[in-house]
Amino acid sequence: MENNYRIIFRIEIDTFFDEQGNLSLQKMEHLVMVCTNMRNAGFQVLMVSSGAIMLGTAKMGLPQPPTDLITKQAIAAIGQTDLIRYYQMFFDSFDQIVAQVLITRDVLSIPVRNKNARMTLNKLLEKGIIPIINENDSVSTDDIILNDNYPLTLIVAQLVKPHAIIINSYKEGKFSLIVKNNPEIIDITEEDLFQLAVRIKSDAGIATEINFDCKTRKSLKPTLPGRYNSLAEVPMISGFPQVLTLS
Amino acid sequence: MLLKNYWNKIKSSETIVVKVGTSTLSYPNGKLNFQRIDKLAGVLAGLQKKGKKIILVSSGAIAVGSGKLGLSSKPTDLAEKQALAAVGQADLMKVYQKLFESRNQLVAQVLLTRDIVTVSERRKNASNTLDALMQMDVIPLINENDTVATDEIVFGDNDTLSAYVASLVKADLLILMSDIDGLYSADPKVDPEATIIPLITELNGALEKTARGSNSNFGTGGMITKISAARVCREAGIPVSITNGAKPEILNEIIAGKPTGTLFYWTKKTVGTKIV
């Protein structure tokens, strides 16, 4: 069943917190189950997950995330250990091995970094391990400043060339799917995802299959900067739109 | 000056970088030595409570990763080692976090690469993060970021990285713990006359020749990397202690100024180029 189709799950951890600021372990566990299930169906799965600052804030008992950059970096270093521990705990319970990978943007510009990062990720995927990726906030501040990990997701996409990116949006209980070379963001349910996973049995192009399968689905409208009228005009990086903010 | 007088000066050390090698943290079969890690966490948390500012540089990720995946032999291929490090680092942090938090001591993970020396932006960020963590009374747990860098994997066991970290945070002392008692006058496995050199006040060619002539298995990191670490600290004027990590309690004795293993104490004013 191994088909080497790669999927990146981009996780925004805020969707796991309730209004009182408590982390819902149940939601997190559920997401972990979905990811493991995709893996069990034969996909190679990567996770790009934020959450270090929110968990660090909770750990230090702060009423809200710090605003100054240096404290944020320190809080991220504290929270990252909790983040990976939670993921590991849940993945362990589904017998899925995970690995922590912290990267900085220079993986694209420095050849030796690029080679090392690609080698590590490919080796992990080859072994059936799910890499959990975040920005290395201790030495880099790009994501902290942006407060968005979609750019990091695109960096990972350039390294591992996935076939699709899945974005969780648990507030609505839905996932959004972006298929490579398709300027559309498709709103799918978890059930669709499972159906899709079950049906992928051969090397037949998954991208086509997903496109076909989702033709009838609702296409989401992302918020675009003023200079673009539609997602089709947005520059693509490794087959995925460069900017993305779901409305 | 007598040996104990040099050690007396160590007592006032406040910011202390401790580096532990894989050989200290694991059994020869690669499995973790939980009892020892537990003791290490206890000693370090105790020192922090006494007002010291501790930074721990820890190897061991690859050994933990191999154990987790049930590999019987050590991996040799670089990509394999990097993958195991990514798996093992997560587990290693979990173990540290558990053992430190049971003593009400918070820890944070900081993964660094050597460019904290050469790239000013990286240096500034790393230094800011470490300073902020120390101010919050959190112990930073540092390792090399093996995913994007392979210096540790290729060159040996974090000795040099720990010296860069010591310079970065302007530490008062760097303690290198491994599976040997100190720096020997010759390779003790070959020469039965070999003795520990208790004090070194200046680096010279003869010393490097002794280290270079030593067997590569002469301590996991090897003596060469310890001399390199000492050279980095020489530039920053930071004393370096080399000791055996088998009994983590030895850290209390070192910080109490009891002569142990090998001490590098720089008597001449630092004149070299600034490294960090």
For this session: Quick one: count up the residues across the range A:56-65 that are surrounded by fewer than 24 Cβ atoms within 10 Å (Cβ to Cβ) and within 21 Å of the chain's Cα centre (by Cα).
Result: 0
Problem set entry | Scope the range B:1-42; condition of a type in the set (Lys, Arg) and on the phi > 0 side of the Ramachandran plot; matching residues | none
Exercise. Out of the range A:13-43, which residues are of a type in the set (A, V, I, L, M, F, W, C) and in a helix (DSSP H, G or I)?
Worked result: A:13, A:16, A:25, A:28, A:31, A:32, A:33, A:34, A:35, A:38
Exercise. Of the residues A:118, A:105, A:113, A:85, which single one is among the basic types (Lys, Arg) and under 17 Å from residue A:7 (Cα atoms)?
Worked result: A:118
Problem set entry | Residue satisfying condition, being more than 10 Å from chain B (Cβ to nearest Cβ) and surrounded by fewer than 24 Cβ atoms within 10 Å (Cβ to Cβ), within set A:106, A:68, A:95 | A:95
Problem set entry | Members of the range A:71-92 that are more than 7 Å from chain B (Cβ to nearest Cβ) and not basic (Lys, Arg) | A:75, A:76, A:79, A:82, A:83, A:86, A:87, A:89, A:90, A:91, A:92
For this session: Check whether at least one residue in the range A:37-55 is surrounded by fewer than 24 Cβ atoms within 10 Å (Cβ to Cβ), closer than 25 Å to residue A:20 by Cα and without any contact (Cβ under 8 Å) to a residue 40 or more places away in the chain, and report yes or no.
Result: no
For this session: State yes or no: is residue A:46 among the hydrophobic types (A, V, I, L, M, F, W, C) and in a helix (DSSP H, G or I)?
Result: no
Exercise. (1) surrounded by fewer than 24 Cβ atoms within 10 Å (Cβ to Cβ); (2) more than 24 Å from residue A:125 (Cα to Cα); (3) of a type outside the set (Phe, Trp, Tyr); (4) within 14 Å of chain A (Cβ to nearest Cβ): which one isn't true of residue B:9, the others all being true?
Worked result: (4)
For this session: Pairs only if they're at least six apart or on different chains, beta carbon under 8 angstrom, first in the range B:239-266 and closer than 23 Å to residue B:224 by Cα, second crowded, with 22+ Cβ neighbours inside 10 Å and aromatic (Phe, Trp, Tyr); list them, first residue then second.
Result: B:239/B:264; B:240/B:264; B:241/B:264; B:242/B:264; B:259/B:7; B:263/B:7
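From the set of residues in the range B:92-115 that are part of a helix (DSSP H, G or I) and facing another protein chain (nearest Cβ under 7 Å), which is surrounded by the most Cβ atoms within 10 Å (Cβ to Cβ)? First the steps, then the outcome.
First pass over the range B:92-115, keeping only residues part of a helix (DSSP H, G or I): B:92-101, B:115.
Among the residues that remain, those that are also facing another protein chain (nearest Cβ under 7 Å) are: B:93-94, B:97.
Numbers: B:93: 26, B:94: 18, B:97: 22.
Here the residue is B:93.
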Exercise. Any idea which of B:238, B:197 is at pLDDT 80 or above, of a type in the set (Val, Ile, Thr), surrounded by 12 or more Cβ atoms within 10 Å (Cβ to Cβ) and under 30 Å from residue B:123 (Cβ atoms)?
Worked result: B:238
Problem set entry | Qualifying positions in the range B:1-34 - over 14 Å from residue B:256 (Cβ atoms) and in a strand (DSSP E or B) | B:15, B:17, B:18, B:19, B:20, B:26, B:32
Problem set entry | Checking residue A:101 against (1) under 16 Å from the mean Cα position of the chain (by Cα); (2) more than 7 Å from chain B (Cβ to nearest Cβ); (3) among the aliphatic types (A, V, I, L, M), the condition it does not meet | (2)
For this session: Please find, within the range A:112-127, the residue that is farthest from residue A:95 (Cα to Cα) out of those that are at the interface with another protein chain (Cβ under 7 Å from one of its Cβ atoms), crowded, with 24+ Cβ neighbours inside 10 Å and of a type in the set (A, V, I, L, M).
Result: A:117
Exercise. For the range B:55-69, does any single residue satisfy the condition of being facing chain A (nearest Cβ under 8 Å), more than 17 Å from the chain's Cα centre (by Cα) and outside any helix (DSSP H, G or I)?
Worked result: yes
For this session: Can you confirm whether the range B:162-171 contains a residue that is farther than 23 Å from residue B:40 by Cα, within 14 Å of chain A (Cβ to nearest Cβ), surrounded by fewer than 24 Cβ atoms within 10 Å (Cβ to Cβ) and modelled with pLDDT of 90 or more?
Result: yes
Problem set entry | Among (1) farther than 19 Å from residue B:126 by Cα; (2) within 12 Å of chain A (Cβ to nearest Cβ); (3) at pLDDT 95 or above, the one test that residue B:153 misses | (3)
Problem set entry | Lone qualifier among A:98, A:107, A:139 - being touching a Phe, Trp or Tyr at 6+ places or on another chain (Cβ under 9 Å) and either in contact (Cβ under 8 Å) with a residue 40 or more places away in the chain or β-branched (Val, Ile, Thr) (or both) | A:98
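The values are calculated or read from the model by the stated rules, or taken from the named source; none is laboratory data. Everything quoted here is computed from the prediction, not taken from an experiment. Positions of Cβ are backbone-derived with ideal geometry, glycine not excepted, and every protein chain shown enters the neighbour counts.
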